[in-house]
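Nothing in this text is a laboratory measurement; each read-out follows from the coordinates by a stated rule. The structure presented is a predicted model; accordingly, all values stated were derived computationally and were not measured. Here the Cβ is made from the backbone with ideal geometry for all residues, glycine too, and neighbour counts use every protein chain on show.
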Amino acid sequence: MRLLIQDLLCAAAERHAEATAVIDGEHELSYAELDERSSRLAGLMTDRGVKPGDRVGLALEKSLEAVIAIYATLKAGATYVPLDDHAPVHRLAYIARDAGIRCLVSSEAAASVCEGLLAEGVELQSVIGADARTGQAQGPEWIPWSTVESFQTAATAPRPLDPSALAYILYTSGSTGEPKGVMLSHANGLAFASWAADEVGVTAEDRLSSHAPFHFDLSTFDLFAAAAGAAAVVLVPRELSIFPVMLTKFIAEQAISVWYSVPSALIALVLRGELEQTPLPALRVVIFAGEVFPAKYLARLVEVLPLPRYLNFYGPTETNVCTWYEVPPGAALLEDLPIGRPLPDVGAEILREDGSPAAEGELGELVISGPTVMHGYWNDAERTARTLHVDGDQRRYRTGDLVRRRVDGELLFAGRRDDQIKTRGYRVELGEVETVLNAIEVVLEAAVIAVPNEAITNRLKAFVVSSAPITSGQLSRLCRERLPSHMIPDEIEFRSELPKSSTGKVDRRALQ
Amino acid sequence: MTQTAERIRDFLIEEAHWDGTRAELTDELALIETHVIDSMLLLRLVAWLEAEYSISIGDADIVPSNFGSLERISGLVDAKLEQAR
């Protein structure tokens, strides 16, 4: 019985010790090595004061070490909090403080992120994976990887026995101007990963892509479904994901058999990846999630690559993947793709505004219950209470997504009931971008809208009333200090005033 | 510094939310490593170059050796313009 996520790794290491677990360019780890090295790091973490329930920050590029750090944190009984090493340091400092991170795993390449956090006043006890910075007599203990490798521990790390212990906290856009931490337990992660590994039929022969960054919940499939089947996970270098032809070649050369990404990455392959000229015989399953896949691009993808299974996974970070849909072979992809049916043991209700069940085919809010649903937002009981209803072991989450049920039972996504939008597979609260714009001194008023775009779902367009001359470039720069790149307005238009509704609020609809 | 490079610099400053000064966006700056260009901007840049210069950029041209720096992008454009002549 698998109770904890790391049990997947331990089982793989027992049954398939020599099977490749992770591939990063020239470097590889077998399951035995990943198990051994993550135990070593877990031992070191425990030795340096990491206790069960503590949050350990991951501030390093995607690498073998990052995967080791994830399992090590879990083995130490702690909760991993992946930090986007390309996000502004101000945002990361907020997350580090909010999550109460005292121990960071980093690397020489990403050590500047740790220095940035320290400069922002984040109090750290230890930074693992990087040499001590010069001129810093005070502050955290810096522990290089060489120390980790030679660390000998007699005592095994304490093992949390409760599957409801938090395994990871993923921070996502929050409407009030700061990101919010979604708390996910071992049981949450396992419910999804075990189901997905079964449904996809992951085995030790498979090679899974790892395209999404680790702070994005898609990565939990790549890592944990791979471990569930003792498959290899191939880390996709960022540079390759930028150049479509190179990415196609990478998929071919690495013999990727299971691909998982946001649709926009696949659309880039359809448009510019020369898929027609590159046979991909190993590719047997293509999974996408995070945003709506426009039917015309999906149709072209299926036409060029007719052999793989195509799976549409749906679910906000708060519920993991909670519904899924398999594109029927040979289907005419003319209309919207369903988000499908719930996973086993997952409940999906469609409710009206007043909480009563929607009638057949009627639009309503999707409410998800079951083992994949989060435990709430970290440090924010009030926000949690607004969307999560807890009754004993039962957790019901109001997704804010509007859906309807088709006659054949498949669910169709039909938009949001609030101002959350999707762009490039990321979700963005328009209010968070507006809050950042409004905080800029010369900005009198700002509104942000989503302009639909086929390739990236939405572009962000800001309308700004300023009290002094400022260029859109200057405003973008100021936003960049506070927001990750996918949240920076793609376009900024200056207005002398903004349209208002009868209640005096900015009328976003009048700006569309 | 070519005129082509100047126009592409304008595009990047406007579209890539370049957060340094204009002088810091040098011809040699590594655009991928410094995250000036991401996957979405790259495809927009290609579409803009094709429209702006009436050139056709093949899928196989979209590689780091042609898009790694301003110098390389303008080199690609100049070569395409030369071919068309």
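Annotations for the structure displayed:
- Helical segments meeting 27 Å axial Cα length and Kyte-Doolittle 1.0 threshold in chain A (DSSP H): none
- Here r is the Cβ-Cβ distance between A:Glu123 and A:Ala510 and R0 is 35 Å; the resulting FRET efficiency, rounded to 0.05, is 0.15.
- Normalised by 2.2 N^0.38 Å, where N counts its residues, the alpha-carbon radius of gyration of chain B equals 1.00.
- Modelled label positions at A:Glu335 and A:Glu26, each set 7 Å beyond Cα in the direction of Cβ, lie 5.5 nm from each other.
- Region B:27-85-region A:311-352 distance, computed between alpha-carbon centres (Å): 38 Å
- Cβ-placed point charges (K, R +1; D, E -1), dipole of chain A about Cα centre in debye, nearest 20: 680 debye
- Additional length obtainable on full extension of the chain from A:Val465 to A:Arg352, 0.36 nm per residue less Cα span: 37.0 nm
- Gained length - A:Glu14 relative to A:Glu141, 0.36 nm times residue gap less alpha-carbon distance: 42.3 nm
- Helical mean residue ellipticity (222 nm; -39500 (n - 2.57) per DSSP H run of 4+; nearest 500) of the protein assembly as shown: -9500 deg cm²/dmol
- For the residue pairs A:Lys62/B:Lys80; A:Lys461/A:Lys505; A:Lys461/A:Lys500; A:Lys249/A:Lys422, alpha carbon separations beyond 25 Å are given by A:Lys62/B:Lys80; A:Lys249/A:Lys422.
- Percent antiparallel among DSSP beta bridges (both partners in the protein assembly as shown, rounded to 5): 60 percent
- Modelled spin-label separation between A:Glu362 and A:Ala295, with each label point placed 7 Å from Cα along the Cα-to-Cβ direction: 2.6 nm.
- Overall shape: rounded for the protein assembly as shown, with the ratio a/c of the largest to smallest alpha carbon gyration tensor axis below 1.5.
- Around the amide H of A:Arg459, modelled in the peptide plane, lie the amide H atoms of A:Val451, A:Asn453, all under 5 Å away and 5 or more residues distant in sequence or on another chain.
- For region A:5-187, convex hull of alpha carbons as volume per residue, Å³: 121 Å³
- Stretching the chain fully between A:Lys249 and A:Arg309 yields a gain of 19.6 nm (0.36 nm per residue, less the alpha carbon separation).
- FRET efficiency, 1/(1 + (r/R0)^6) with R0 60 Å, evaluated for A:Asp393 and B:Glu24 via beta carbons: 0.60
- Prolate/oblate/rounded label for region A:421-511 (Cα gyration tensor, a/c 1.5): oblate
- For region A:236-416, share of DSSP beta bridges that run antiparallel, in % to the nearest 5: 75 percent
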